[in-house]
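S.K.: Here it is, the structure in full.
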Amino acid sequence: MFDFILRPLRRNFGKDKMFYRAVDDMFGFIAHNIELYKLALIHKSASVVLEDGQHINNERLEFLGDAVIESVTSDYLFIEFPDKNEGFLTQLRSKMVSRQSLNGVAKRIGLDEHVITNSSHNVSQKHIYGDAFEAMMGAIYLDQGYDFVNRLLINKIFVNYLKLDSLLESETDFKSRLIEWCQKNHHTIEFSTANDKTYSTAHPFFYSKVLIDGMEVGYGAGESKKEAEQRACFSVSQGFSDNDCTKLMDKLDNIDAKKSEETPVAVSAPALAKRTRKPRQKVVKNEESA
């Protein structure tokens, strides 16, 4: 009743009509507190600085929205897949709430056209739309409540913009898969990850190497330690086929075998003395002299 009256008024009149219209077009409702949504659109690069030096942007709403999305997604998957185990649910949830997935959703609903930013769209800023989507979910939660954002995500966003069949077929958690493979085949795996602050003070990058049995097999970089390690594992999956992996592991096994042959085996003192003792010469009696 009230939305029927407010929708045309707020979409077409007032100083904030563009924001009301944007929210309505993307999500299909008229906001109560439009200030929340205006804040959700402000990227940290375009922060509003108050007199006390405080920076106003969408980071706090992004933090809240991230938790809301994960909670709704967990509830949705728990009901949608009653026969699946915890590992399956965790992996699928990770794919659904990943920055890559949310970034795609943000672009499909047109959110990218409304984000306020002063950053160039370089590598370090490639997920600003996904971040803004999380901030919008935080704003909707505060403005409309949990039940509302729960229905919105499940009935509108998940159904129309996230195809579960495609996500089920895709593989994004390369790190878990590689660790699982190493454990299954009795090989050690290590990650050497470092933060290179010389790249950018505002957006430092992380660099990661994957080492299997001490041998470097992959390399990756990202905005976070997690992203760098995922990319390093992805490079392993791209660089090695199953046959290549088998050859690599055979090579490692041969190296281990060679080392074992070259390494002297530790023995006890009595055994060592027994090995080094000269054999006693047999005394042959001369019968003639006898």
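S.K.: Taking only C-alpha pairs under 8 Å that are 6+ residues apart, what is the relative contact order of the range 1-57 in percent?
M.R.: It comes to 21 percent, rounded to a whole number.
S.K.: Also, quick follow-up: Strictly over 22 Å apart at the Cα level, which of 84/226; 107/156; 95/175; 84/107 would you flag in this model?
M.R.: On the way: 84/226 26 Å; 107/156 15 Å; 95/175 13 Å; 84/107 31 Å.
Violating the 22 Å Cα-Cα cut-off are 84/226; 84/107.
S.K.: Further, regarding this structure: Rank by packing, highest mean first: peptides 108-114, 20-26, with packing defined as the count of other Cβ atoms within 10 Å averaged across residues.
M.R.: Result, highest mean Cβ count within 10 Å first: 20-26, 108-114.
S.K.: Same structure again: What ranking do 75-84, 97-106, 41-50 get when scored by the average of other Cβ atoms within 10 Å per residue, highest first? List each step's numbers first, then the result.
M.R.: On the way: 75-84: 12.3, 97-106: 19.2, 41-50: 15.7.
Ranked from most to least packed, the peptides come out as 97-106, 41-50, 75-84.
S.K.: Multiply the residue separation of residue 21 and residue 63 by 0.36 nm, subtract the distance between their alpha-carbon atoms, and state the gained length in nm to one decimal.
M.R.: 12.6 nm
S.K.: If you don't mind, there's one more thing I want to ask. Between residue 188 and residue 84, what is the label-point separation in nm under the 7 Å Cα-to-beta-carbon projection?
M.R.: Distance between the two pseudo-spin positions: 3.5 nm.
S.K.: Among 8-18, 55-65, how do they line up from the highest to the lowest mean number of other beta-carbon atoms within 10 Å?
M.R.: Working: 8-18: 12.7, 55-65: 18.9.
My ranking of the peptides, most packed first, is 55-65, 8-18.
S.K.: In whole percent, how big is the carbon plus sulfur part of the accessible area of the range 37-121, probe 1.4 Å, protein atoms only? Let's see the in-between values first.
M.R.: Working: 2380 of 4880 Å².
C and S atoms contribute 49 percent here.
The values are calculated or read from the model by the stated rules, or taken from the named source; none is laboratory data. Everything numeric here is computed off the predicted structure, so don't read it as measured data. Backbone-built Cβ (ideal geometry, glycine too); neighbour counts: all protein chains shown. Surface accessibility is based on the protein's heavy atoms, side chains included, excluding ligands, DNA and RNA. Shrake-Rupley method; radii C 1.70, N 1.55, O 1.52, S 1.80 Å.
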